[in-house]
Amino acid sequence: STTSISQDSGDLTGTIPTEFGLMTDLTEINLSDNSLIGTVPSELGNLYKMNSNLRLESNLLTGTVPSELGNLVQMAAWFNLGSNLLEGTIPTQLGKQTLMSGNFRLNVNSLTSSMPTELGNLLEMSINLNLQRNSLDSSLPTELGRLEKMSSALFLRTNAFSSKIPTELGKLVEMQTSFSLSFNSFSSTLPTELGLLAKMTASFITKENPKICADVPTELQALSSGVTPWQITTSTAIGTVCCEVTEETCVPTSAPSPSPSPLPTAVPSPLPTAVPSLLPTVDCGMGRFWNEESGVCEECGRGYYSDTRLAHSCKFCPAGRYNDEWVSHNCTICETGKLSSSDRTSCGDCDAGKYSKK
């Protein structure tokens, strides 16, 4: 019986068959990077043997995230519906996937409402909880502090989260890279408890939360010398009025300011003066690149390569060469008489009447 369906990075169109839900021996489905439309079939929730790789990312899927997917309680990694056109709320039932250890992704959709507190039940999560670039709002659940195995990639940026940043996030003491809360509407002060994330080495980013009051706490600022990039701005740093939370309402307060000088002084720029380096500073190894937006090392796909350890993008294989593997540092020359395909993932015969010397 069939246990795996994998057709990623292809030319698939149409909808995902509901009949997949009858293939109860399936343990993985990978249909990522295609042009599939329609909804995610709720029948996929019948695949109780699924343990990894429900990957439907980078398609054109619409509708909501089926609550039935919470029945996939054997899922341990790669639950990925990111980069689609999904709407509605995140089902609370997904909190039943308690074996999930990495790559839980619903990023780059149009999901709304609050983040379910039940996601705090994913106690095995260690890498890549990614909900960025949605329209999630309300406060972050304090239950996130229960994910004490998280070591990398907590991506909650570019949403509409408000209220205070939970002090419980200071319990994520195993975090080393990619803690990103940027581009939200958090208010009040940055918790001093974030200073407990002493293992952080790369990508601590909470910029563009203009309602956060006061300066960066000393306990948190102490981490900055060991973290690259380190990007934090508060309302005082960008010249806007501080706010404090009173019964979930942001109330303007007086921003702290230096004592007035008796002499005329130059008007300070309202923009931060520090300009982050445009060059990657993280060693991702060859075959990978540093994604500045997401703050993680990502793999070069088929048809691409990276021949340096500090790459900020992957290179497309030149004509006459191909690469049919992920994480490659070079491309293979096509045999004489063959040409590389347009996506550089294979070589094929020359057209009749034509030839190739290389």
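The values are calculated or read from the model by the stated rules, or taken from the named source; none is laboratory data. What you see is a predicted model; the values in this text were computed from it and never measured. Cβ coordinates were reconstructed from backbone atoms using ideal geometry, including for glycine residues, and neighbour counts include every protein chain displayed. Ligands, DNA and RNA are stripped out before the accessible areas are found, and what is left, the full protein with its side chains, is counted by its heavy atoms. Shrake-Rupley method; radii C 1.70, N 1.55, O 1.52, S 1.80 Å.
Between ALA214 and THR3, what FRET efficiency comes out of the Förster formula 1/(1 + (r/R0)^6) with R0 = 41 Å and r the beta carbon distance, rounded to 0.05? So, using R0 = 41 Å, E works out to roughly 0.15. Measure up LYS171/LYS207; LYS96/LYS171; LYS96/LYS149; LYS96/LYS211; LYS149/LYS315; LYS96/LYS164 against 25 Å on the Cα-Cα distance and list the ones that go over. Among LYS171/LYS207; LYS96/LYS171; LYS96/LYS149; LYS96/LYS211; LYS149/LYS315; LYS96/LYS164, the Cα-Cα distance tops 25 Å for LYS96/LYS211; LYS149/LYS315; LYS96/LYS164.
For the stretch 44-161, the solvent-accessible area works out to 34 Å² per residue, with a probe of 1.4 Å and every protein chain left in place. Each peptide in 9-20, 137-148 gets a packing score, the mean of other Cβ atoms within 10 Å over its residues, and the list from highest to lowest is 137-148, 9-20. For PHE316, the shell of other residues with beta-carbons less than 12 Å away shows a net charge of +3, using +1 for Lys and Arg and -1 for Asp and Glu. Tally Lys/Arg at +1 and Asp/Glu at -1 over every other residue whose Cβ is under 13 Å from the Cβ of ASP11; what's the total? The answer is -3. Surface composition of the stretch 23-72: carbon plus sulfur atoms contribute 47% of the solvent-accessible area (1.4 Å probe, protein chains only, all chains present).
I need the peptides 75-86, 192-203 ranked by packing, meaning the mean over residues of other C-beta atoms within 10 angstrom, with the highest value on top. Show your work: numbers first, answer last.
Values: 75-86: 21.4, 192-203: 18.2.
My ranking of the peptides, most packed first, is 75-86, 192-203.
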